[in-house]
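Asks: One structure follows; several queries about it will come next.
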Amino acid sequence: GDSVTQMEGPVTLSEEAFLTINCTYTATGYPSLFWYVQYPGEGLQLLLKATKADDKGSNKGFEATYRKETTSFHLEKGSVQVSDSAVYFCALSDSWSTGNQFYFGTGTSLTVIP
Amino acid sequence: DAGVTQSPTHLIKTRGQQVTLRCSPISGHKSVSWYQQVLGQGPQFIFQYYEKEERGRGNFPDRFSARQFPNYSSELNVNALLLGDSALYLCASSEYGQGRANTEAFFGQGTRLTVV
């Protein structure tokens with residue numbers, strides 16, 4: 001079945017450091033891939049998405065490229081800020097085979113220190 | 001515009017009791033899904049409803065049930081509560097089925113359920 005494997009955390013970085021959070025997936029069809037972010041006490045917010053191979057999603061300085069050959073969708077940011085501290089979830093959805101069901105990774109907690 | 005709204009925000013119940021959680025989707029969205037997020041884990045899919053019909057069910061016991069109303073709002077019911085049902089319950093709406101494939105899900109703030 002479909003699944004997402006995400007880099008274990010927690011991750012602690014200094015402000016302006018480079019961020020990478022690894023994500024790989026398993027899917028039988030042609031899924032779309034997503035990164036969601038969760039701030040303390042809140043629900044999930046969509047950070048970025050990519051709907052087909054080689055697409056690059058980007059938002060607020062974050063980027064991720066849909067790599068079909070390596071089944072990966074790693075999240076990167078060149079210079080993190082304290083306000084980026086949150087939990088990040090990689091997810092996939094494949095409407096053609098599983099409706100609008102989302103499969104999430106376990107989440108990676110990021111703390112950015114000044 | 002209002003996003004996905006859930007009520008109540010927090011709930012404390014005793015083992016064996018029943019609970020009903022409510023969700024109103026974004027205006028115009030016809031699909032609603034429910035997820036359970038246990039502390040420290042990613043959300044796990046429970047149900048999806050589209051046009052008042054169940055379109056998907058996750059690996060949860062029959063104590064969990066849901067329905068969708070004509071105005072596309074939804075309720076999640078959990079019977080015979082167990083301590084392990086303590087979690088954040090998230091509702092999501094999307095434009096699934098409305099001519100777009102693999103649409104993103106928009107999540108509410110969640111209902112924090114504590115079973116004691």
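Asks: Which value results for Rg/Rh of region A:1-112 when Rg is the Cα radius of gyration and Rh the Kirkwood radius based on the inverse mean 1/r?
Replies: Values: Rg = 13.4 Å, Rh = 14.0 Å.
Rg/Rh: 0.96.
Asks: If you rank B:Lys52, A:Lys56 by fewest surrounding Cβ atoms within 10 Å, what's the result? Don't skip to the end; give the middle numbers.
Replies: Values: B:Lys52 13, A:Lys56 10.
Ordered by Cβ neighbours within 10 Å, fewest first: A:Lys56, B:Lys52.
Asks: To the nearest 20 debye, what charge dipole does the protein assembly as shown have about its Cα centre, counting +1 at the Cβ of each Lys and Arg and -1 at the Cβ of each Asp and Glu?
Replies: Working: 18 positive and 21 negative charges, 119 e Å.
Here the protein assembly as shown has a charge dipole of around 580 debye.
Asks: Taking a temperature of 25 °C and a viscosity of 0.890 mPa s, what whole-number D in µm²/s does Stokes-Einstein yield for region A:1-54 with Rh from Kirkwood over alpha carbon pairs? Before the final figure, lay out the partial values.
Replies: Working: Rh = 13.5 Å.
D = 182 µm²/s.
Asks: Further question on the same structure: Determine, for B:Ile46, A:Ile113, the number of other Cβ atoms within 10 Å of each Cβ, and report the residues in order from fewest to most.
Replies: On the way: B:Ile46 23, A:Ile113 11.
Fewest-to-most Cβ neighbours within 10 Å comes out as A:Ile113, B:Ile46.
Asks: I've got another one for you. For the ranges B:23-34, B:8-19, A:20-31, what's the packing order if you count other beta-carbon atoms within 10 Å of each residue, average per peptide, and put the highest first? The partial results should precede the final answer.
Replies: Numbers: B:23-34: 21.9, B:8-19: 12.2, A:20-31: 17.4.
Ranking, from highest mean packing down: B:23-34, A:20-31, B:8-19.
Asks: Roughly speaking, what is the stretch gain from B:Thr5 to B:Arg22, that is 0.36 nm per residue apart minus the C-alpha to C-alpha distance, in nm to one decimal?
Replies: Working: separation 17, 0.36 × 17 = 6.12 nm, distance 0.83 nm.
Between B:Thr5 and B:Arg22, full extension yields 5.3 nm more.
Asks: Here's another thing I want to ask about it. Check cross-link reach from A:Lys68 to the lysines: straight Cα distance under 23 Å, and skip same-chain residues fewer than eight apart.
Replies: Counting by Cα, and skipping residues close in sequence, A:Lys68 has these lysines nearby: A:Lys49, A:Lys52, A:Lys56, A:Lys77.
Asks: Right, next: Treating only the Cβ of Lys, Arg, Asp and Glu as charged (+1, +1, -1, -1), what charge dipole size does chain B show about its Cα centre? Round to the nearest 20 debye.
Replies: Working: 11 positive and 9 negative charges, 54 e Å.
The calculation lands at about 260 debye.
Asks: GNM, chain B, Cα, under 10 Å: largest mean-square fluctuation among B:Asn71, B:Asn79, B:Asn59?
Replies: It is B:Asn59.
Asks: Shielding by partners for A:104-113, please: the mean number of other protein chain Cβ atoms within 10 Å of each residue's Cβ.
Replies: Details: counts 7, 2, 3, 5, 0, 1, 0, 0, 0, 0.
Other-chain Cβ atoms within 10 Å of each residue's Cβ, averaged: 2.
Asks: Still on this structure: Can you pull the semi-axes for region B:46-89, root of five times each eigenvalue of the Cα gyration tensor, sorted largest first, whole Å? Please list the in-between numbers first.
Replies: Numbers: eigenvalues 87, 24, 14 Å².
After scaling each eigenvalue by five and taking roots: 21, 11, 8 Å.
Asks: Also, I was wondering about something else. So what are the radius of gyration and Dmax for the Cα set of chain B, in Å?
Replies: Rg and Dmax of chain B, Cα atoms, are 13.5, 44 Å.
Asks: Rounded to the nearest angstrom and ordered from largest down, what semi-axes does the equivalent ellipsoid of region B:10-50 get from its C-alpha gyration tensor (root of 5λ)? Walk me through the numbers before you get to the answer.
Replies: Numbers: eigenvalues 103, 45, 19 Å².
Calculated on Cα positions only, the semi-axes equal 23, 15, 10 Å.
Asks: Please state, as a whole number in µm²/s, the translational diffusion coefficient that the Stokes-Einstein equation yields for the protein assembly as shown at 4 °C and 1.567 mPa s, with Rh defined as the Kirkwood radius across alpha carbon pairs. Provide the component values of the computation, followed by the final result.
Replies: Details: Rh = 18.0 Å.
Using the Kirkwood radius from Cα pairs, D works out to 72 µm²/s.
Asks: If packing is taken as the mean number of other Cβ atoms within 10 Å per residue, what is the order of A:43-54, A:77-88, highest first?
Replies: On the way: A:43-54: 17.9, A:77-88: 16.4.
Final packing ranking: A:43-54, A:77-88.
The numbers here are math on the coordinates, done by the rules we state, and not lab data. None of these values were measured; they are calculated from a predicted model. Cβ coordinates were reconstructed from backbone atoms using ideal geometry, including for glycine residues, and neighbour counts include every protein chain displayed.
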